[in-house]
Amino acid sequence: MPTSSSIRHSRARRSVLGDATAGGSALAIEFVRLTAEFNPGIAYVVETGDNLAALQPLDLSSASVVPIDELYERVTVIDPTITPRRFGRIRVGTLQSHAEKFFRRACNDSRKRGETR
């Protein structure tokens, strides 16, 4: 299991794929994430939209996932909506159930050792 000091962070890349038939371009978002084995409790949500104030989650079921090594994989997803102006972002957060288990376990361990906070 990697420690927080061993986790590398990378910037998400976005690119625009031309589509002459639709008169616009498709937004492609690419990012590097920890593999499922090493990311318990981490949620990656790709959001896109025509307006920054109203971004909606994008379905990742058709995303391309390519292994980089045992810890990381590269994810590429193409926004199916083609408009002249499109925005996208990736939200990275914790899954609520995992966070609750982690903090509950940490509190129990502290009590067993007699630590106070």
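Near V65, once Lys and Arg are set to +1 and Asp and Glu to -1 for all other residues with Cβ below 12 Å from its Cβ, the sum equals 0. Remark: spin-label model distance F87-R74 equals 2.8 nm, labels positioned 7 Å along the Cα→Cβ axis. Backbone geometry of the range 60-77 corresponds, through the Karplus equation with coefficients 6.51, -1.76 and 1.60 at θ = phi - 60°, to 3J(HN,Hα) couplings of 9, 5, 9, 5, 8, 10, 10, x, 9, 7, 5, 9, 10, 9, 9, 10, 10, 10 Hz, x marking Gly and Pro. Model label points for V66 and A53, set 7 angstrom from Cα along the Cα-to-Cβ axis, are 3.9 nm apart.
All of the numbers you see were taken from the coordinates with simple rules; none came from a lab. None of the values given here were measured: they were computed from a predicted structure. All Cβ positions, even for glycine, are placed from backbone atoms using ideal geometry, and neighbour counts span all protein chains on display.
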